[in-house]
Each structure stands twice: as structure tokens, then as C-alpha cells.
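The values are calculated or read from the model by the stated rules, or taken from the named source; none is laboratory data. As the structure is a prediction and not an experimental result, all values here were calculated from the model. Cβ: placed from backbone, ideal geometry, glycine included. Neighbour counts: every protein chain shown. Only protein heavy atoms, including side chains, enter the accessible area calculation; ligands, DNA and RNA are left aside. Shrake-Rupley method; radii C 1.70, N 1.55, O 1.52, S 1.80 Å.
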Amino acid sequence: MASSAAKKAATTRKRRAAGRKAATTRKRHAAATSAPSVIPMLSYEEGFAALQWLTKAFGFRERCRLSAPDGRLSHAEMEVGDGLIMLASPTPDYQSPKRHREVCEQARKWSAVPWIIDGVLVFVADLDAHFARAKASGATILSGIEAGPPGRRYRAEDLEGHRWFFFEKGDG
């Protein structure tokens, strides 16, 4: 009789474990399918400062943050609309685009144009308000608001020199 009870308890534990595993798999699948197909990953010398600045200047919302034992930002996620970016401060040796331009003649030359060299395109609902917010928060404005195909847009750099391309979200 005792062995029958032990077998029943073991079977119950296995079923519960299988149920927990299935629930975890469903949660992971749901998270993966609700994420955008492409997620830009950016490095910042001062990751925590970047989180605050991107919120203030570009209207991003912080989703999560993880700190490394040495105090650096090891991982963060920020969202805007249905978009997502990830950022971190990967190593003390990392140089932001802005700092890299200070020591590299080639980087200064290719950054002299107002175009997006390596950057992120973001659609926003109210381009005029977004532009005013970014400018007031200290974004380096690479171009004023421009109209024409494929739509209204402007270009800016963030506090560490990453380039952003903001388009007005259309109704369609």
C-alpha cells in the first residue's frame, strides 16, 4: 500500500512539473511573438544617463534594467509606440560615436554629413511636438523638419552621438 501511495505521489509530481514546464514554454513563446521582428541594440558609455535622456528627449519608456556587479548598465529595454530598443554599457573600453569622433579623423569626416550613418528610425504620432521636445532636451539636431517622399521627418543625435531618424506616423 505504501508503494502505491509513493507511486501516485511521484506521478503527481511529474504531472505538475510537466504542467509548469508547458506554462513556462507558453510564456516564453508569447513574449517572443509579441516582440518586434528586429530590435536595435545600442551601447552607451553612460547607460543609466542614456536611459534618463532617451526618456526626456525622445519619449521612450523604460521597460527593464539590469546592473552589472561593477555598477555598469548590463541590459536595459526601452519602448516607444510598438517599438523596442535594448541598450547597455558593455565595457569600460567602449567609445560612443561622439567620443570616437574626438580621436578619429575618419569618424569626424563621415559624421560631418547630417545623414543617418548607423542609426535607428522611429515613427512618432506628432512630429512637431517630438522635434520641439528633442531640441529642448539638448538633442543635436542634424536636420530640421523636412517634408516630401516618403514623409515628414527630421534627424537628430542623442547625448552620445547615436543618430536617430524620426518620421511622422501616417494614418494608413
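Kindly provide the set of residues from the stretch 131-155 that are touching a residue at least 40 places away in the same chain (Cβ under 8 Å) and open to solvent by less than 40 Å² (accessible area, probe 1.4 Å), ordered by number.
Ala134, Ser137, Ala139, Arg155
Could you tell me which numbered condition Thr24 fails, if it satisfies all but one of (1) out of contact with any Leu (no Cβ under 9 Å at 6 or more places or on another chain); (2) at pLDDT 95 or above; (3) surrounded by 10 or more Cβ atoms within 10 Å (Cβ to Cβ)?
Only one criterion in (1) out of contact with any Leu (no Cβ under 9 Å at 6 or more places or on another chain); (2) at pLDDT 95 or above; (3) surrounded by 10 or more Cβ atoms within 10 Å (Cβ to Cβ) is unmet by Thr24, namely (2).
Condition (residue is within 15 Å of the chain's Cα centre (by Cα) and aliphatic (A, V, I, L, M)) applied to the stretch 87-101: is it met by at least one residue? Talk me through it step by step, then tell me what you get.
First, pick out the residues of the stretch 87-101 that are within 15 Å of the chain's Cα centre (by Cα): 87-90.
Subset that is aliphatic (A, V, I, L, M): 87-88.
Yes, that holds for at least one residue.
Enumerate the pairs (first residue in the stretch 95-121 and more than 24 Å from Arg153 (Cβ to Cβ); second residue anywhere and acidic (Asp, Glu) and open to solvent by less than 70 Å² (accessible area, probe 1.4 Å)) with beta-carbon separation below 9 Å, excluding pairs fewer than 6 apart on the same chain, so at least 6 apart or on different chains.
Gln95/Glu45; Arg99/Glu45; Arg99/Glu160
Looking only at the stretch 94-124, which residues are open to solvent by 80 Å² or more (accessible area, probe 1.4 Å) and under 22 Å from Met41 (Cβ atoms)?
Selection gives Lys98, Arg99, Trp110, Trp115, Asp118, Leu121, Phe123.
For the stretch 143-172, enumerate the residues that are assigned to a strand (DSSP E or B), under 24 Å from Phe48 (Cα atoms) and not basic (Lys, Arg).
Narrowing the stretch 143-172 to residues assigned to a strand (DSSP E or B): 143-146, 153-157, 163-168.
Pick out the ones that are also under 24 Å from Phe48 (Cα atoms) and you get 155-157, 163-166.
Ala156, Glu157, Trp164, Phe165, Phe166, listed by residue number.
Filter the stretch 30-83 down to residues that are touching a residue at least 12 places away in the same chain (Cβ under 8 Å) and hydroxyl-bearing (Ser, Thr, Tyr) and give me whichever is least open to solvent (accessible area, probe 1.4 Å).
Taking the candidates together, the pick is Tyr44.
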